[in-house]
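**Student:** Have a look at the structure that comes next, please.
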Amino acid sequence: MQLKSILACAASAVLFGTSLTTHAAEVKELKIAEQYGISYLPLMIMEDQHLVEKYSSEAGAGGLKVTWAKFAGGNVMNDALLSESLHIAAGGVAPLVTLWAKTRGNYDVKAVAALNSMPLFLNTRNPNVKTIKDFTDKDKIALPAVKVSIQAVTLQMAAEKAFGPGQQNKLDRLTVSMSHPDGQAALLSGTSEVDAHFSSPPFQYQQLEKPGIHTVLNSYEVLGGPATFNLIWTTTKFRKENPRVYAAFTMALDDAIAMINKDKRWAAETYLRISKDKDTVEDIMKMLDDPQVKFTTTPQNVMKYVDFMHKTGSIKVKPASWKELFFDNVQNLPGS
């Protein structure tokens, strides 16, 4: 075992109150969810390079089978997590915050780590829409999940700023739930009633390459700066019952993010190979080199979403700080 792994496993043993030599049986199959887009590149690399299996074996939990599932939105993923047909979920800040508040005192869902900080663009093909105030009942906005996705909540935050207090739901009637690939296809078709799409990289950048597509809203403008887009979360029960598997997952995530940040060309080539996306390496490199795009486990500006969701009543309880939302393996990071 490498020194890094020895130290990491020892730290995990201390952190989780377990022993490296005596332990209860842990899961033999780890079920992880991911969604569409380059924001999930660390998970794609973890799957492709079998990193969770590697660290699990080094921690003494060899033979672990890791199953990966694709979901279109966080709402369906959360249902799967609570039914225990899924162990680890990945998605936007809003679905995590919703489930954290909903499961206080029972499942106690918390975030394992952030996955990235990225801006989200609301793009449209309607030339008459310059700001969100210009949308009418003739427009339809595709996003991953109505009302609960991070795009939906960001749109509500923008609506409150544009239309005034209490008007956060003014544009909800225009939104429809669609996966990113389906939403993009509808937007670019020119014939669908969906003429706007609130998505994520790489889709938002691909859309802007098409004549007639322009950006109406940037999430960083709404939040007043860079913010976490995706997170990873699980239940406290799973973490307690599977300390070595949990530790293996966090080490695999750290590894994958380090790989991306060390060699972005390799990361771009890997993304294209796995995703079968038709973009060029140069196109993906532009996205990865965008100073607004960052792969990191450090949460950023998540409390702005929390404060808004609590103020508008979508969650009934609010954490005192971002640390209450996360397991303690990332609480030493400079989050916000």
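The values are calculated or read from the model by the stated rules, or taken from the named source; none is laboratory data. The structure presented is a predicted model; accordingly, all values stated were derived computationally and were not measured. In this analysis, Cβ positions are derived from the backbone assuming ideal geometry, glycine residues included, and neighbour counts consider all displayed protein chains. For the accessible areas, the whole protein counts, side chains as well, though only heavy atoms, and no ligand, DNA or RNA atoms are used. Shrake-Rupley method; radii C 1.70, N 1.55, O 1.52, S 1.80 Å.
**Student:** Give me the residue from segment 107-122 that is in a loop (DSSP other than H, G, I, E, B) and under 24 Å from residue 247 (Cβ atoms) and, out of that set, most open to solvent (accessible area, probe 1.4 Å). Working first, answer last.
**Tutor:** The first filter runs over segment 107-122 and keeps only residues in a loop (DSSP other than H, G, I, E, B), leaving 107-108, 115-116, 118-120.
With under 24 Å from residue 247 (Cβ atoms) added as a condition, the list becomes 107-108, 115-116.
Working: 107: 84, 108: 50, 115: 0, 116: 0 Å².
Among residues in segment 107-122 that are in a loop (DSSP other than H, G, I, E, B) and under 24 Å from residue 247 (Cβ atoms), the one most open to solvent (accessible area, probe 1.4 Å) is 107.
**Student:** Here is a follow-up. Which numbered condition trips up residue 307, out of (1) closer than 24 Å to residue 161 by Cα; (2) among the charged types (D, E, K, R); (3) touching a helix residue (DSSP H, G or I) at 6+ places or on another chain (Cβ under 7 Å)?
**Tutor:** Of (1) closer than 24 Å to residue 161 by Cα; (2) among the charged types (D, E, K, R); (3) touching a helix residue (DSSP H, G or I) at 6+ places or on another chain (Cβ under 7 Å), only one is false for residue 307: (3).
**Student:** Right, another one. Out of 304, 316, which single residue is part of a helix (DSSP H, G or I), of a type in the set (D, E, K, R) and out of contact with any Phe, Trp or Tyr (no Cβ under 7 Å at 6 or more places or on another chain)? Give the derivation first.
**Tutor:** Numbers: 316 fails: part of a helix (DSSP H, G or I).
Answer to the selection: 304.
**Student:** Is at least one residue of segment 251-269 open to solvent by 10 Å² or more (accessible area, probe 1.4 Å) and touching a strand residue (DSSP E or B) at 6+ places or on another chain (Cβ under 8 Å)? Before you say what the answer is, go through the steps one by one.
**Tutor:** Looking only at segment 251-269, we keep the residues that are open to solvent by 10 Å² or more (accessible area, probe 1.4 Å), and these are 251, 254-255, 257-259, 261-266, 269.
If we keep only those that are touching a strand residue (DSSP E or B) at 6+ places or on another chain (Cβ under 8 Å) too, we end up with none.
No, segment 251-269 has no match at all.
**Student:** Give segment 173-192 a look and list any residue that's open to solvent by 20 Å² or more (accessible area, probe 1.4 Å) and of a type outside the set (S, T, N, Q), or say none.
**Tutor:** 173, 176, 178, 181, 182, 185, 188, 190
**Student:** Then there is this: Test each condition in (1) within 30 Å of residue 294 (Cβ to Cβ); (2) modelled with pLDDT of 60 or more; (3) of a type outside the set (D, E, K, R); (4) part of a helix (DSSP H, G or I) for residue 11 and report the one that comes out false.
**Tutor:** Unmet condition: (2).
**Student:** Report yes if some residue within segment 275-286 is under 28 Å from residue 75 (Cβ atoms) and open to solvent by 60 Å² or more (accessible area, probe 1.4 Å); otherwise report no.
**Tutor:** Yes, segment 275-286 contains a residue that is under 28 Å from residue 75 (Cβ atoms) and open to solvent by 60 Å² or more (accessible area, probe 1.4 Å).
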